[in-house]
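The structure appears right after this line, and notes come after that.
Read the figures in this text as sums done on the coordinates, not as results from a lab. The shown structure was predicted, so the numbers you read here are calculated from the model rather than taken from an experiment. We place every Cβ from the backbone using ideal geometry, glycine too, and count neighbours over all the protein chains shown.
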Amino acid sequence: NAGVTQTPKFQVLKTGQSMTLQCAQDMNHEYMSWYRQDPGMGLRLIHYSVGAGITDQGEVPNGYNVSRSTTEDFPLRLLSAAPSQTSVYFCASSSTSRGSNTEAFFGQGTRLTVV
Amino acid sequence: KQEVTQIPAALSVPEGENLVLNCSFTDSAIYNLQWFRQDPGKGLTSLLLIQSSQREQTSGRLNASLDKSSGRSTLYIAASQPGDSATYLCAVTGGYNKLIFGAGTRLAVHP
């Protein structure tokens, strides 16, 4: 049972560099989302997707891009890394069942440092 | 705008105590509420999911209640153990399964 898989686990970037955080789920969930976790602030929503080809912005989308070409994958792109993007990033997936939302499953996180 | 608050921010208890973690939210128009556990440096593990039409859910030593009208949820942990030490996060779900989190309660259970 892979669940939600995120890669890489750790990454150090220089200011201005770009990179893609990978997220894949094998549960055929239609909903996927990206959150960042900063000390004392809880998790905040960056972008989310309700299905292949459909994405939208969350609370803190600036500096990030997403796309969803398949149900399984939802990569997060940092266009030009800034020190303010130093954080732990989590990908989550969930679904609906008989009209109710199911529990959300999270990946193990990517710890990103921008220097 | 939905806001979620968790009290207390940190809690230290001796092993064996029963304890209650609190979560409050400002907008009662939620789809469900979920409690998570997070160990240091790890991801989130779902503990309990309460649909908006439900009042409580139980799993082993854990019991979570939901009062939508007052915007409150509690997580009750019975007979706490050192292995329960972790951060506990509460999140409410809005449209499209978007989660809004509280900042968490850091729990330490000492032998």
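About the Cα centre of chain A, what is the dipole size in debye to 20, counting +1 per Lys and Arg Cβ and -1 per Asp and Glu Cβ, all else neutral? Intermediate values should be presented prior to the final figure.
Values: 8 positive and 8 negative charges, 69 e Å.
Dipole size: approximately 320 debye.
Hey, what's the Cα Rg ratio for region A:25-115 versus the globular rule of thumb, 2.2 N^0.38 Å? Please report the intermediate quantities before stating the final value.
On the way: Rg = 13.3 Å, N = 91, 2.2 N^0.38 = 12.2 Å.
Ratio of Cα Rg to 2.2 N^0.38 Å: 1.09.
Diagonalise the Cα gyration tensor of chain B and give the resulting equivalent ellipsoid semi-axes, square root of 5 times each eigenvalue, largest first, whole Å.
Three semi-axes, in Å: 23, 14, 12.
Once the other residues with Cβ under 14 Å from the Cβ of residue A:112 are scored (Lys, Arg +1; Asp, Glu -1), what is the net sum?
+4
Give me the base-10 log of I(q)/I(0) for the protein assembly as shown at each q in 0.08, 0.15, 0.17 Å⁻¹, Debye formula, one uniform scatterer per Cα, rounded to two decimals.
So the normalised log intensities are -0.29, -0.99, -1.23.
Just to be sure I follow the definition: excluding the sites themselves, where is the longest run in chain A that has none of the trypsin sites (Lys or Arg not before Pro) in a DSSP loop with at most 12 other Cβ atoms within 10 Å?
A:15-97
Take every DSSP beta bridge with both residues inside chain B and express the antiparallel ones as a percent of the total, to the nearest 5.
Just about 90 percent of them are antiparallel.
Only Lys, Arg, Asp and Glu count, each charged at its Cβ (+1, +1, -1, -1), so figure out the dipole size of region A:36-101 about its Cα centre, rounded to 20 debye.
With Lys and Arg at +1 and Asp and Glu at -1, about 60 debye.
Identify which of A:97, A:49, A:87 has the largest mean-square fluctuation in a Gaussian network model of chain A, with springs joining Cα atoms closer than 10 Å.
Maximum among the listed residues: A:97.
Could you work out the relative contact order of region B:22-111? I mean the mean sequence separation of Cα pairs under 8 Å and 6+ apart, divided by the number of residues, in percent.
Values: 186 pairs, mean separation 27.4, N = 90.
Taking the mean separation of contacting Cα pairs over the length of region B:22-111, I get 30 percent.
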